[in-house]
Amino acid sequence: MLLALAILVANVSGAGAATHTPPWADVFGNHWPGPDALDTTGTASKAFAQLGLSGYGTFQTNNTDVFAAMGTSDAQSDAVWVNFGHGPTPGNGGYITWCNPAHGPQCTTALYANSSLGPCSGADAVCLKTGYATSIHKIKLMVFAGCNTGNNGPNLADAQQSNLVKTAFSYNGVDSAIGFTSDVGFSATTSDAWADKFFAKLRAGSTVAVAALSASLTVASLNGGNANGWDNYFINGGGVTIVPPAYGS
């Protein structure tokens, strides 16, 4: 982790997690190996910068894994949590990924919405539904920034429909969550522009829904009217604001 703002106070709060003053914001970027592989670390830095300016105790962690991202010093102590990663193929939903190159060719780990999608334990996966209901409810905003992360998953067997956004909001008590229902583009004029505008609007006091609309319009204006999927967002808790910095309810 890279600490950008001094942490003044830490209070133990449930399930081994802690709250902090100022509240923590974690941003995760990932770089899959290979010349044509996805690199989201630059996009993550845009979110990191804006959240720091918003007054959060802000961290950017690149090339980690799901276990660190969902651990007691990350998601379980966060007010804002953001991951820019790979999502499912079109027509599916229910997970988002990280890449830790230290793990070699099998660098990918995943946060699944729940166990109806497949294994949620073992060497490469964590299940959002199992074990997190009491430990991440303090998160005010979760951002699942990747392809198809706001879609329902296959083989539905639960009230949240194997959907990351619904599971975080309805089952885990997160105040607001956003994902995307199509493929999204990653580049300077797509994901970078989206992250910078989305979090700048939140810093200015906009709601999550207003910030998402503004960010998608910014991407479209830079790409001949094509928002590259960033206009296909799915939100629960769209009326939430994140300033002044605070933990969720």
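The values are calculated or read from the model by the stated rules, or taken from the named source; none is laboratory data. In this text the structure is predicted, and so the values were computed from the model without any measurement. Virtual Cβ from ideal backbone geometry, glycine too; neighbours counted across all protein chains shown. These area figures cover heavy atoms from the full protein model, side chains too; ligands, DNA and RNA do not enter into them. Shrake-Rupley method; radii C 1.70, N 1.55, O 1.52, S 1.80 Å.
Considering only residues that are open to solvent by less than 30 Å² (accessible area, probe 1.4 Å) and outside any loop (DSSP other than H, G, I, E, B), look in region 218-235 and name the one that is farthest from His20 (Cα to Cα).
Ala220
With respect to the numbered conditions (1) surrounded by fewer than 24 Cβ atoms within 10 Å (Cβ to Cβ); (2) over 24 Å from Gly93 (Cα atoms); (3) under 17 Å from the mean Cα position of the chain (by Cα); (4) in contact (Cβ under 8 Å) with a residue 40 or more places away in the chain, which one is the sole condition not fulfilled by Phe169?
All conditions pass for Phe169, except number (2).
In region 23-67, what count of residues is obtained for those that are in contact with a strand residue (DSSP E or B) (Cβ under 6 Å, 6 or more places away or on another chain), of a type in the set (Phe, Trp, Tyr) and not in a strand (DSSP E or B)?
Of the residues in that region, 3 qualify.
Could you please find all residues in region 42-56 being under 16 Å from the mean Cα position of the chain (by Cα) and either open to solvent by 30 Å² or more (accessible area, probe 1.4 Å) or free of Cβ contacts under 8 Å to residues at least 24 places away in the same chain (or both)?
The answer is Gly42, Ser45, Lys46, Phe48, Ala49.
Any idea which of Ser191, Ser162, Ser214, Ser182 is modelled with pLDDT of 95 or more, in contact with a Pro (Cβ under 9 Å, 6 or more places away or on another chain) and not charged (D, E, K, R)?
Selected residue: Ser182, the only one of Ser191, Ser162, Ser214, Ser182 that is modelled with pLDDT of 95 or more, in contact with a Pro (Cβ under 9 Å, 6 or more places away or on another chain) and not charged (D, E, K, R).
Could you figure out which of (1) surrounded by fewer than 24 Cβ atoms within 10 Å (Cβ to Cβ); (2) part of a loop (DSSP other than H, G, I, E, B); (3) out of contact with any Asp or Glu (no Cβ under 7 Å at 6 or more places or on another chain); (4) of a type outside the set (Asp, Glu) isn't true of Lys138?
So the condition that Lys138 fails would be (1).
Based on this model, can you work out whether Ala49 counts as touching a Phe, Trp or Tyr at 6+ places or on another chain (Cβ under 6 Å) and at pLDDT 95 or above?
no
Any idea how many residues of region 78-95 are more than 24 Å from Lys201 (Cα to Cα) and either in contact with a Ser or Thr (Cβ under 7 Å, 6 or more places away or on another chain) or in contact (Cβ under 8 Å) with a residue 60 or more places away in the chain (or both)?
Summing the residues that are more than 24 Å from Lys201 (Cα to Cα) and either in contact with a Ser or Thr (Cβ under 7 Å, 6 or more places away or on another chain) or in contact (Cβ under 8 Å) with a residue 60 or more places away in the chain (or both) in region 78-95 gives 9.
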